[in-house]
């Protein structure tokens, strides 16, 4: 158990990168996050090899293996050093999928949640406030805080829940203050708040939850297909004021059709032509951002996770990805005995809709938060716990008494 716990510390070190950079422990440069991501990737792979069992051979493992093959092939495609550097920087995103198998163990998932609530949340809220007050420190990026959004669903089960809710909402508000154009971030933060309030006022029955789940899974697909049909068959441009995503769908699909790779994708080694490559970007100080010049040779990834999935691995990759959302959201809502798991099942469904507007796998904290919730809901032990068990586990588990928590899980597994 201690070995598994040590792997948890590596995950937490990755999540604490913004704080490490803020206090100057590590350099505030992109290479820092890349190094931490590779360390985490190695740790997750080692952990997976150690605990791999037959029952773990599921859709998630298929998704990981397929994406690993995709990236291995991709390294043989780039014809420039810059393209290879981009591939090296995004390669760890494949191994983040393996965090599912770590979080699938209930004690591991709750260990991470306990640290996030009791340490990460209070510390980062203070740092955010100091940054807002203009002390000259770095501004946190929005995707540093995506890990906080699903924590909202746990607040009603915590001790002093009003206090934790106040800190969490204050932290989210401060981070939104720094992201005036972060519409996707705001949507991601508001959805779990709406879920908690709806549950509080008893608006969510099982039938309604299942209906909302179906809507969240199907609606974005219909919009996606409508945009593509409007462009490729009706030959008209689909435009909505403020829309900054539909053109990404068109560019990626056009890229796949051009290379006859709609089924299997072109891997991230072959970037797609983007209209954004012709736009010049500048910092607040007026300096040109040279990173975006790399897009002139083809864009490797995009803001929308759905575009990355289909660009890298085609329809096959997209179908497997969808089945993961479909399976675990259904299990969490329909086959669980506690309300928290049902709410998390709705959150999983929401994350499927969310990747059509954001949800890139390159945002490490955002991606890890998804696999955390998915792994938790895949646990039969977690789904079989009743509301009283969940309440006691969370309220007693916030303290760092790991052995007591382990004994509780063993007793609950015998129920």
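We did not get these values from a lab; they are worked out from the coordinates using the rules stated. Not measured: the values here are computed from a predicted model. Glycine also receives a Cβ, built like all others from the backbone with ideal geometry; neighbour counts cover every protein chain displayed.
What's the FRET efficiency of residue 218 with residue 263 using the Cβ-Cβ distance as r and R₀ = 22 Å, to the nearest 0.05? Between residue 218 and residue 263 the formula returns 0.50. Packing, as the average of other Cβ atoms within 10 Å across residues, places the peptides 359-369, 90-100, 68-78, 321-331 in the order 90-100, 359-369, 321-331, 68-78, highest first. Can you compute the modelled spin-label distance between residue 230 and residue 84, with each label point 7 Å from Cα toward Cβ, in nm? Each label point lies 7 Å from its Cα, and together they span 4.3 nm.
By other beta-carbon atoms within 10 Å, ranking 342, 200 with the fewest at the front produces 200, 342.
Among 111, 36, a tally of other beta-carbon atoms within 10 Å of each Cβ gives an order, fewest to most, of 36, 111. Given R0 = 41 Å, the distance between the Cβ atoms of residue 254 and residue 51 translates into a calculated FRET efficiency of 0.45.
Put in order of Cβ neighbour count within 10 Å, fewest first, the listed residues 63, 316 become 316, 63. Dividing the alpha-carbon radius of gyration of the range 59-110 by the rule-of-thumb value 2.2 N^0.38 Å gives 1.43. Extension gain for the segment residue 61 to residue 187, taken as residue separation times 0.36 nm less the Cα-Cα distance, is 42.4 nm to one decimal. Extension gain, residue 206 to residue 316, is 36.5 nm, computed as 0.36 nm per intervening residue step minus the present C-alpha separation.
With both labels modelled 7 Å from their Cα along Cα-to-Cβ, the residue 198 to residue 166 distance reads 2.9 nm.
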